[in-house]
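Chemist: One structure, pasted below without further comment.
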Amino acid sequence: MMNNILSIPVHKVMQEDVADKLEITIEKFHDFMSGIPDSTNAYLNYKPREVCLRRLPPGLTQSQLEIALQLWDVHSFLCSMLLTTIWRTDQLKGSVIRSLHERNLITGASAARALFESACAFYIESNSLVNEIKKAKLDGVYKAEDATKLRISLSNKAIKIALGTRQSDILENHDNYKRTNIQTLINKALKSLDAPEYINCYEKLCDAVHPSFESFSAFTVELGNWEEGSQLRWVMNRYALRPKEIVDTIGFATAWSMERLLDDFQSFYVTCMDLCLSARIPWLEFENQVSYFGLCSPPDIYSLCPCGSGKKCKFCAHSLSSE
Ligand SMILES: [Zn+2]
């Protein structure tokens with residue numbers, strides 16, 4: 001089957017449909033990663049060329065220029081949030097695969113749990129940013145003041161997400177940081193996805209990571225009463241794979257989380273690209289050439305639209321109002 005990524009001992013004990021799903025998802029993720037850069041700039045302190053209204057960049061009206069100037073750095077920030085989530089997913093996926101190869105189920109469970117948390121958090125967070133952009137488009141962004149409104153609401157949301165932390169010392173000393181509670185994000189995501197039963201899967205992984213039931217049984221080959229006697233009998237092994245529930249849970253959680261993340265990466269990327277083109281960001285001129293992940297070159301109306309719709313730019317409308 002395909003690249004045989006999971007041609008490993010653990011794979012043999014994994015439920016067949018879970019293993020197949022995992023392999024397909026990993027294959028899809030590899031394809032997706034081939035278009036993702038290893039580094040990029042976000043230009044937090046970059047200055048666009050002084051606005052000279054008598055010398056507008058070609059193809060840009062004055063109000064379009066003002067809107068683009070308001071939104072370009074927020075756009076670059078959103079794209080960098082997407083990119084770092086993609087990189088994190090890639091690391092965690094690699095960790096799950098290596099752990100399964102090496103039969104390190106505890107490490108595998110830990111990485112699968114982190115993937116599950118990432119999937120739920122990114123689903124809630126990326127959707128809240130997408131909805132903010134949709135809401136602004138409904139109201140219409142026609143002039144600089146409208147763009148300022150969008151800039152403030154988007155950056156407040158994005159910065160709140162980026163400054164989420166559990167570190168009490170940071171929270172005590174800085175007003176901008178917000179406490180993140182991953183359990184709240186998971187509950188919200190599973191409710192919204194109408195998949196409340198997946199919480200069992202998450203709890204199993206937590207148990208496997210903490211010193212508790214699943215982490216104990218991960219090393220148990222056999223557990224039961226000795227029939228003729230009164231003792232409990234345990235047979236344990238460093239590489240025990242008998243409690244295959246853990247293997248299945250790692251496989252299921254990884255496949256589900258990566259499938260979820262891939263969907264959300266793609267739809268968030270489409271929204272970022274739409275914002276980029278609608279706000280005319282590619283037409284801005286800077287002192288130096290700006291290039292960051294999620295920014296396209298000014299497209300030609302007869303070529304394919306960079307948003308990935310498959311349509312020519314001429315027929316692919318990107319606008320900051322829903323009219
Ligand atoms: Zn398009």
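The values are calculated or read from the model by the stated rules, or taken from the named source; none is laboratory data. The structure presented is a predicted model; accordingly, all values stated were derived computationally and were not measured. Quick reminder, even Gly has a Cβ in these numbers, built from the backbone with ideal geometry, and neighbours come from all protein chains shown.
Chemist: Which one is surrounded by the fewest Cβ atoms within 10 Å (Cβ to Cβ), of the residues in the stretch 60-71 that are modelled with pLDDT under 90 and among the hydrophobic types (A, V, I, L, M, F, W, C)?
Modeler: In this case the residue turns out to be Leu60.
Chemist: Let me ask something additional. What tally of residues in the stretch 267-318 results from selecting those that are more than 9 Å from the ligand (Cβ to nearest atom), in contact with a helix residue (DSSP H, G or I) (Cβ under 9 Å, 6 or more places away or on another chain) and assigned to a loop (DSSP other than H, G, I, E, B)?
Modeler: Residues flagged as more than 9 Å from the ligand (Cβ to nearest atom), in contact with a helix residue (DSSP H, G or I) (Cβ under 9 Å, 6 or more places away or on another chain) and assigned to a loop (DSSP other than H, G, I, E, B) within the stretch 267-318 amount to 15.
Chemist: Could you check the stretch 166-213 and list, in sequence order, the residues that are within 28 Å of Thr107 (Cβ to Cβ), aromatic (Phe, Trp, Tyr) and free of Cβ contacts under 8 Å to residues at least 40 places away in the same chain?
Modeler: Passing the criteria: only Phe213.
Chemist: Suppose we filter Ala279, Ala317 for residues that are among the small types (Gly, Ala, Ser), free of Cβ contacts under 8 Å to residues at least 60 places away in the same chain and farther than 30 Å from Ile24 by Cβ; which single one remains?
Modeler: Ala317
Chemist: While we're on this one: When you look at Ser321, is it surrounded by fewer than 16 Cβ atoms within 10 Å (Cβ to Cβ), among the hydroxyl-bearing types (Ser, Thr, Tyr) and away from the ligand (no atom under 13 Å from the Cβ), yes or no?
Modeler: Judged against the criteria, Ser321 is a match.
Chemist: Counting only residues that are of a type in the set (Phe, Trp, Tyr), under 24 Å from Glu132 (Cα atoms) and modelled with pLDDT of 90 or more, which one in the stretch 230-285 is surrounded by the fewest Cβ atoms within 10 Å (Cβ to Cβ)?
Modeler: Of everything passing the filter in the stretch 230-285, Phe265 is surrounded by the fewest Cβ atoms within 10 Å (Cβ to Cβ).
Chemist: Being surrounded by fewer than 14 Cβ atoms within 10 Å (Cβ to Cβ) and either hydrophobic (A, V, I, L, M, F, W, C) or over 24 Å from the mean Cα position of the chain (by Cα) (or both): is that true of Ser217 here?
Modeler: On the way: surrounded by fewer than 14 Cβ atoms within 10 Å (Cβ to Cβ): no; either hydrophobic (A, V, I, L, M, F, W, C) or over 24 Å from the mean Cα position of the chain (by Cα) (or both): yes.
Judged against the criteria, Ser217 is not a match.
Chemist: With respect to Cys296, is the statement that it is touching a Gly at 6+ places or on another chain (Cβ under 6 Å) and either surrounded by 19 or more Cβ atoms within 10 Å (Cβ to Cβ) or free of Cβ contacts under 8 Å to residues at least 60 places away in the same chain (or both) true?
Modeler: Spelling it out, it is not the case that Cys296 is touching a Gly at 6+ places or on another chain (Cβ under 6 Å) and either surrounded by 19 or more Cβ atoms within 10 Å (Cβ to Cβ) or free of Cβ contacts under 8 Å to residues at least 60 places away in the same chain (or both).
Chemist: Continuing with this model, one more query. Restricting attention to the stretch 232-266, which residues are within 16 Å of Leu295 (Cα to Cα) and either within 16 Å of the ligand (Cβ to nearest atom) or not in a helix (DSSP H, G or I) (or both)?
Modeler: Gln266
Each row is one residue, and each column tells you yes or no for (1) crowded, with 19+ Cβ neighbours inside 10 Å; (2) within 14 Å of Val74 (Cα to Cα); (3) free of Cβ contacts under 8 Å to residues at least 12 places away in the same chain.
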residue	(1), (2), (3)
Cys120	yes, no, no
Tyr123	yes, no, no
Leu129	yes, yes, no
Gly140	no, no, no
Ala144	no, no, no
Lys149	no, yes, no
Leu154	yes, yes, no
Ala158	yes, yes, no
Gly164	no, no, no
